[in-house]
Structures are given as structure tokens and as C-alpha cells.
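The structure appears right after this line, and notes come after that.
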Amino acid sequence: MSVKTFEFTVNTKGFCHVMDITPEINGFLRDSGIKNGILTVFVPGSTAGITTIEYESGVISDLCKAIERLVPSNIEYEHNLRWGDGNGFSHVRASLMGPSLSIPVKNGSLMVGTWQQVVLCDFDNRGRRRRIVVQIVGE
């Protein structure tokens, strides 16, 4: 059994900026030498999330519109009243999506669907430099 941990950073625009991070993850999986196990992707911070989606402009737009309907950016949040930073909606969105994702690995490949990519969603009200942690456990 082996554990390999990798990190990388990306610059985001905020406001539901969705980035395909699958190529980086596949590169780390290849470099790890692990053929069978599990891969976890995690974004530290409370205003971004990790999920899978077909990385296509139409569905990305649909996702961002759905998130806006579920957690509107233009209403008052207690967090904003307390801290005055205006990103209460970002925290709620990230909490609903979650900061991590685990994917089985078989024969050196992620066990994802044909049109399924791993994405980072930055919900903050400004651009950020995001650190992403990838940890692979297996043999």
C-alpha cells in the first residue's frame, strides 16, 4: 500500500468560475505509479468546491444558473452582516457542494464516465489563488 500526495494552484475569477482540473489529476495519477486504489481531490478554503460534470459550456452555464437560483447572491446573509465582506453566498454554495471528491482508480485510470470531468468551482466574490490537494492511496 502506498500513499502519494500532490498539490497545485490555480488562479480563479470567482463568481461560479468552473475549471476543469482533470488533466492535472490524471498527471498526478500517472506520476504516482499507483494502479489500483482511490484518489481524493480536496480544495482548502470555505468558498470553493469540487465536483464532477461534463465540462461543456452549456452545462457549465446551467450549473451556475441553478446555483444562483438555489443560493442567490443578491440577498442578505448573516455572514455579511457580521464580517462585511459580501461573500456569505459563497460560503453557503461551497458548503452545499463540498470541498472534496473521491474517485476509484483501476488499472491506472480514474473510474469516471466518458463525459465526466473533475472540476473546481470557485464561488467567492473575487478572484483567488486556489490550492488543490490530490492524495492517492493504493498499490
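Explain nothing, just the number: relative contact order of the chain, from Cα pairs under 8 Å at least 6 residues apart, as a whole percent.
55
So who's got an amide H within less than 5 Å of the one on Gln117, skipping anything under 5 residues away but keeping other chains? H placed 1.01 Å off N, in plane.
For Gln117, the qualifying residues are Ile53, Glu54, Tyr55.
With point charges of +1 on the Cβ of Lys and Arg and -1 on the Cβ of Asp and Glu, referenced to the Cα centre of the range 2-106, which listed residue (Thr52, Trp83, Phe15) lies farthest in the positive direction of the dipole?
Projecting each Cα onto the dipole axis, the largest value belongs to Thr52.
In the chain, which cysteines lack any other cysteine Cβ under 4.7 Å from their own?
Cys121
Separation between the Glu78 and Thr114 pseudo-spin-labels, each 7 Å from Cα along Cα→Cβ, expressed in nm?
Those two pseudo-labels are separated by 4.7 nm.
Starting from the amide H of His17, placed 1.01 Å from N in the peptide plane, find each other amide H under 5 Å away whose residue is 5 or more places distant or on another chain.
It is Asp122, by chain and number.
Given a Förster distance of 35 Å, report the FRET efficiency between Ser102 and Ser57 from their Cβ-Cβ distance, rounded to the nearest 0.05.
0.80
Can you list the lysines whose alpha carbon is less than 28 Å from that of Lys13, not counting same-chain residues fewer than 8 positions off?
Lys65
Using just the helices of the chain, give the 222 nm mean residue ellipticity in deg cm²/dmol: DSSP H runs with n ≥ 4 each add -39,500 (n - 2.57), and the total is spread over all residues, rounded to 500.
About -8500 deg cm²/dmol.
Sequence neighbours fewer than 8 away in the same chain don't count; with that in mind, list the lysines whose C-alpha is under 24 Å from Lys4.
Of all the lysines, those that pass the test against Lys4 - Cα under 24 Å, at least 8 places apart if same chain - are Lys35, Lys106.
What is the sum of charges around Val105, taking Lys and Arg as +1, Asp and Glu as -1, for the other residues whose C-beta is under 14 Å from the C-beta of Val105?
+2
For the range 3-11, just list the computed ³J(HN,Hα) in residue order, Karplus coefficients 6.51, -1.76 and 1.60, θ = phi - 60°, integers in Hz, with x standing in for Gly and Pro.
Result, rounded to whole Hz: 10, 10, 10, 10, 9, 8, 10, 9, 9.
Every number here is computed from the coordinates shown, using simple stated rules; none is lab data. For clarity, every value in this text was computed on a predicted model and none was experimentally measured. So basically every Cβ, Gly included, is an ideal-geometry build from the backbone, and we count neighbours across all protein chains shown.
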